[in-house]
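The values are calculated or read from the model by the stated rules, or taken from the named source; none is laboratory data. A quick note: this is a predicted structure, and the numbers were derived from the prediction, not measured. Counting neighbours? That spans all protein chains shown, and the Cβs are built from the backbone with ideal geometry, glycine included. In case anyone asks, the SASA skips ligands and DNA or RNA and just uses the protein heavy atoms, side chains included. Shrake-Rupley method; radii C 1.70, N 1.55, O 1.52, S 1.80 Å.
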Amino acid sequence: MRPPPKRLGRQEVWAAAGFLAVPLAYFALFHLLPVAINLWVSLHAGLPLIAPGQPFVGLGNFRRLVDDSVFLASLRTSGLFAAGATGGSVVLGLSLALALNRNLRLRSLLRAIIVFPYMTSMAIITLIFLVIFNPEIGVLNFLLYRLGLPAVPWLTSPTMALVSLIIVSVWWETGFNMVIFLAGLTAIPDEYFEAARIDGAGALAQFRHVLLPLLAPTTFFVVVFSLIHSFQAFTQPFVLTQGGPAYATNLVVYHIYQVAFTHLDLGYASAMALVVFAIVLGATGALFRVWRGAGES
């Protein structure tokens, strides 16, 4: 029988309230208040934060989204981008963590080199890749030329442009995912693998039936974190492609930026931002339910 919960005294309640006051105030000021302002702006036309007296349109901006083919296409493009960037960085991060979790020479140096891109600004990374992808002086097409292969239009082909953005994101985020997977691997006791080896399990069976289930909470965190990062991607299309060619890399956050600050339709852009927020929140909740269901089964 569980003991009844202990009742806190008045001084303990005031002490707890004092400790929670600062983080709650921070959360309300920098998270809840911007969402509330964004919701208020989305119910108006034009520039309600800049020009007073803008007309109240209610849910009109949200109804416009249903027939906005460019916005719907940007959602699909962001979904493809998120799938490629998340899948690539998670698989590559796990592979590198498994390889560098052994006693290798220069292991610390290799880990530092792989993590270094994540410690660098995304703007700098994309500017470097702008040179790498250059069709005339870029190193990638130079290597293809030396191998006798045709040059690839990395940023000017509608198909390859999105792939190029995924390559940049995977390059940037893989180091962070590797560090998280390394932390998860060190928390798994060796006794589980020794018991599996005694039972005759090979390397593949140990990976499938021991490592992956025990690493599931870490994998869940990495997937959710990478997915949210992917839906927030803005620097890659802004620096490399400006949403082109032919809207092939028009990711949804870049499209919201264009509507808000190029077309000066801040109310409509706020409605788009709220829809994207709801989609990411729903996707995170669905992943959480799948993960909990798999854990209970």
If Val275 satisfies all but one of (1) part of a helix (DSSP H, G or I); (2) over 30 Å from Gly58 (Cβ atoms), what's the number of the condition it fails?
(2)
Against the condition of a type in the set (Phe, Trp, Tyr), under 21 Å from the mean Cα position of the chain (by Cα) and surrounded by fewer than 18 Cβ atoms within 10 Å (Cβ to Cβ), how does Phe288 come out, does it pass?
yes
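Here are Leu165, Leu98: which of them is modelled with pLDDT of 90 or more and surrounded by fewer than 17 Cβ atoms within 10 Å (Cβ to Cβ)?
Numbers: Leu165 fails: surrounded by fewer than 17 Cβ atoms within 10 Å (Cβ to Cβ).
After ruling out the rest, the residue left standing is Leu98.
Can you tell me which of Leu185, Leu140, Leu147 is free of Cβ contacts under 8 Å to residues at least 12 places away in the same chain, farther than 16 Å from Pro237 by Cβ, out of contact with any strand residue (DSSP E or B) (no Cβ under 7 Å at 6 or more places or on another chain) and not basic (Lys, Arg)?
Of Leu185, Leu140, Leu147, the one residue that is free of Cβ contacts under 8 Å to residues at least 12 places away in the same chain, farther than 16 Å from Pro237 by Cβ, out of contact with any strand residue (DSSP E or B) (no Cβ under 7 Å at 6 or more places or on another chain) and not basic (Lys, Arg) is Leu147.
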Can you confirm whether segment 256-268 contains a residue that is of a type in the set (Gly, Ala, Ser), loosely packed, with under 14 Cβ neighbours inside 10 Å and within 30 Å of Arg64 (Cβ to Cβ)?
no
If the Cβ limit is 7 Å and pairs must be 6+ apart or interchain, which residue in segment 55-71 that is without any contact (Cβ under 8 Å) to a residue 40 or more places away in the chain pairs with which residue that is surrounded by 12 or more Cβ atoms within 10 Å (Cβ to Cβ)?
Pro55/His44; Pro55/Ala45; Phe56/Leu43; Phe56/His44; Gly58/Leu43
The one condition Leu24 fails out of (1) farther than 21 Å from Val276 by Cα; (2) surrounded by 10 or more Cβ atoms within 10 Å (Cβ to Cβ); (3) touching a residue at least 40 places away in the same chain (Cβ under 8 Å) is (3)
Apart from one, (1) open to solvent by less than 30 Å² (accessible area, probe 1.4 Å); (2) touching a residue at least 60 places away in the same chain (Cβ under 8 Å); (3) in a loop (DSSP other than H, G, I, E, B) all hold for Leu49; the odd one out is (1)
